[in-house]
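Notes follow once the structure below has been shown.
The values are calculated or read from the model by the stated rules, or taken from the named source; none is laboratory data. Just so you know, these numbers come straight off a predicted model, no measurement behind them. A quick note on method: Cβ atoms are made from the backbone with ideal geometry, for glycine too, and the neighbour counts reach across all protein chains shown.
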Amino acid sequence: MPATVQNKLDLYLKAQLINNIQVKATLQELDYQALYSRVEAYRNAFLDRNYEAMYHLSYFKDVPKPSLIEFRNLRDAQHTYRMEVHIVEVELAGNKGRAHLELILEHPVIGVNKSTHVQEWEKINDIWYRVDYGY
């Protein structure tokens, strides 16, 4: 193969490789943004005690799917306190993701309690769902 044809082929292959890398990076960034958006939606639903939204953002893994009423009874703390939830970090690994959250509860009697939580997320049919194991 003449040198100019080989050079053109090399340039073409390099351009294809760069394009492929850019496409994958763009898709991963879009996936990350979609996951972050769902984590934020769940966070807001939790703060607003919107159990219906939390229910629809959840995927029940290895447990029977509860009714909305059962889900609400499992998740409702039935206490009045001030809550803050901060998204610390979101990790993406293919069709699975993790959200690291800091939960701050301020109760009039108990005081302030800070804790960290990790949520597992799975992408099912191109939609991110928080994995719920029923506890």
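Exactly one condition in (1) surrounded by 11 or more Cβ atoms within 10 Å (Cβ to Cβ); (2) of a type in the set (Val, Ile, Thr); (3) modelled with pLDDT under 95 is false for VAL90; which is it?
(3)
Name the pairs whose Cβ atoms lie under 8 Å apart, with the first residue in the stretch 95-116 and surrounded by 11 or more Cβ atoms within 10 Å (Cβ to Cβ), the second part of a loop (DSSP other than H, G, I, E, B), and 6 or more positions between them or separate chains?
Taking only residues 6 or more apart or on different chains, the pairs are LEU105/TYR81; GLU106/TYR81; HIS107/HIS79; HIS107/TYR81.
Could you tell me whether VAL5 is exposed (fewer than 10 other Cβ atoms within 10 Å of the Cβ), not aromatic (Phe, Trp, Tyr) and not in a strand (DSSP E or B)?
Taking the combined requirement at face value, the residue satisfies it.
Among what's in the stretch 18-74 and is modelled with pLDDT of 90 or more, among the charged types (D, E, K, R) and surrounded by 12 or more Cβ atoms within 10 Å (Cβ to Cβ), pick the residue that is nearest to the chain's Cα centre (by Cα).
Only one residue tops the list, namely ARG38.
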